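Everything below concerns the one structure shown next.
Nothing in this text is a laboratory measurement; each read-out follows from the coordinates by a stated rule. None of the values given here were measured: they were computed from a predicted structure. With ideal geometry, Cβ positions are generated from the backbone for all residues, glycine too; neighbour counts draw on all protein chains shown.
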Amino acid sequence: MNIAVLVSGSGTNLQAIIDAVKSGYIKADIALILSDNKKAYALERAKKAGIEALFLDPGSFGSKIDFDKEIVKNLKKRAVELVVLAGYMRLLTPYFIKEYKDRIMNIHPALLPSFKGLDGVKDAFAYGVKVTGPTAHFITEKVDSGPIITQAPVEVEDGDTEDSLREKVHKEEHKIYPKAIKDFVEGKLEIKGRKVVHR
Ligand code: GRF
């Protein structure tokens, strides 16, 4: 199966996915790494791994849908069957979501449905929760609300800072996200309404 990873930033999750593909844990090929940010370190990671990477500049398209059409064109050209969002900081248009219905996943750094939005670690830490952690989920039109594939609990200890918590959440992301992708690739995930059943 061909997969694509969409990124905007440092790409530590991308790295975990690259490593999992290289070791054979995920039995798929990364056909494309696509970034909407020219300076994303994730693009360096792609280069180092010898994987095709593409930067598309949102500013050079007339509308959000034109931008997404170009992305979808690139995905289809490479016969991509699963789209993996890994720190991709842009909302997908309904067009994109329909084209890849039930085949787009995301990793969010909080236990959804708590702390949706741009910075789930910051918000959970500021709120004073005792347990937080990442969520891997499918994408639907409602932001951060698609069926949940898996979650991992992370304890917030008294000595934690926002940064130390972020590091702990990231560590768990790097375990659960490759596993979610592996399970999808092996046909083990079935969406039943709001639920994802592991076969
Ligand atoms: C992760 O914390 C993820 O949960 C969120 O964006 C961050 C991306 O980090 N969606 P990285 O670029 O994979 O290091």
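Net charge of the neighbourhood of H198, taken over other residues with C-beta under 12 Å away and scored Lys/Arg +1, Asp/Glu -1, is +3.
For G11, the shell of other residues with beta-carbons less than 9 Å away shows a net charge of 0, using +1 for Lys and Arg and -1 for Asp and Glu.
Taking the charge dipole of the range 108-199 about its Cα centre, with +1 at Lys and Arg Cβ atoms and -1 at Asp and Glu Cβ atoms, the residue from H137, V156, G187 reaching farthest to the positive side is G187. Computed from the Cβ-Cβ distance with R0 of 22 Å, the FRET efficiency linking K130 to K179 stands at 0.35. Across the range 1-101, the fraction of Cα-Cα pairs farther apart than 23 Å, rounded to a whole number, is 19%. Which log10 I(q)/I(0) values does the range 72-190 give at q = 0.17, 0.19, 0.23 Å⁻¹ under the Debye formula, counting every alpha carbon as one identical point scatterer? Cα-only, vacuum Debye calculation for the range 72-190: -0.83, -0.99, -1.31.
Label-to-label distance for S23 and K142 is 3.6 nm, based on points extended 7 Å past Cα in the beta-carbon direction.
What the Cα atoms of the chain give is an Rg and a Dmax of 16.2, 50 Å.
The phi-based Karplus calculation (6.51 cos²θ - 1.76 cosθ + 1.60; θ = phi - 60°) puts the 3J(HN,Hα) values of the range 54-64 at 9, 9, 10, 8, x, x, 9, 10, x, 8, 4 Hz, whole numbers, x for Gly and Pro. Give me the net charge for the shell around G117: Cβ to Cβ below 9 angstrom, other residues only, Lys and Arg +1, Asp and Glu -1. Net charge around G117: -2.
Think of it as helices only: each DSSP H run of n ≥ 4 in the chain is worth -39500 (n - 2.57), and spread over all residues that comes to -11000 deg cm²/dmol at 222 nm. Amide hydrogen proximity for L34: with H placed 1.01 Å from N in the peptide plane, the residues at 5 or more positions away or on another chain lying under 5 Å are V5, L6, V7, L54.
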